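Since the structure comes first, as structure tokens, the remarks are kept for the end.
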Amino acid sequence: MEKMDKESKQAEKIRALKKLVEQEIKGDGVYREVLEDALWDALVILEGKSFETAKHLKYSYSIRGYEIFVSRKDKSITRSTVNVSLWNAMELQKAGLPVSGPKKLKTFGASYLYPIFIELGVIVQDEMEQLSLEIY
């Protein structure tokens, strides 16, 4: 029972993040700190999960303090870098532009953050983008 409660709370945090992202993209204006905290909470939830970069390199990450340590890198990605990536993605999407790859995030560690952002719904992809990613 406890495990299910924990999983449902985690799923609810991720749903809440997606809702905040949608509001921000629509221009409803979300408090920066609220969105940044929701993203960090969701990152903590996915800690240890396996991801794949756009070049199909598998990795996972762990969080210590306000730093993300990727299994393929020695350097960490700081929370402030994650926040810069978040707002770069938000600005593009608010302008109606796709976040078509990691380089669009314009930050260190973007190749690792990009797949995580897609998983969390921070980067909203249309169906054509999703299909092209699945083909490669």
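Just so it is clear, none of the values below were taken in a lab; they were calculated from the coordinates. Quick caveat: nothing in here was measured; it's all calculated off a predicted structure. In this analysis, Cβ positions are derived from the backbone assuming ideal geometry, glycine residues included, and neighbour counts consider all displayed protein chains.
Summary table below
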{"quantity": "Selection count, the range 1-49, where residues are more than 19 Å from residue 117 (Cβ to Cβ) and of a type outside the set (Asp, Glu)", "calculated": "9"}
{"quantity": "Sole residue being in contact (Cβ under 8 Å) with a residue 40 or more places away in the chain and touching a strand residue (DSSP E or B) at 6+ places or on another chain (Cβ under 6 Å), chosen from 47, 36, 52", "calculated": "52"}
{"quantity": "Residues located in the range 89-114, provided they are surrounded by 16 or more Cβ atoms within 10 Å (Cβ to Cβ) and either over 21 Å from residue 41 (Cα atoms) or of a type in the set (Val, Ile, Thr) (or both)", "calculated": "92, 93, 99, 102, 104, 107"}
{"quantity": "Odd one out for residue 28 among (1) surrounded by 14 or more Cβ atoms within 10 Å (Cβ to Cβ); (2) under 19 Å from residue 124 (Cβ atoms)", "calculated": "(1)"}
{"quantity": "Whichever residue in the range 55-88 is exposed (fewer than 15 other Cβ atoms within 10 Å of the Cβ) and touching a Phe, Trp or Tyr at 6+ places or on another chain (Cβ under 7 Å) and, among such residues, is farthest from residue 102 (Cα to Cα)", "calculated": "62"}
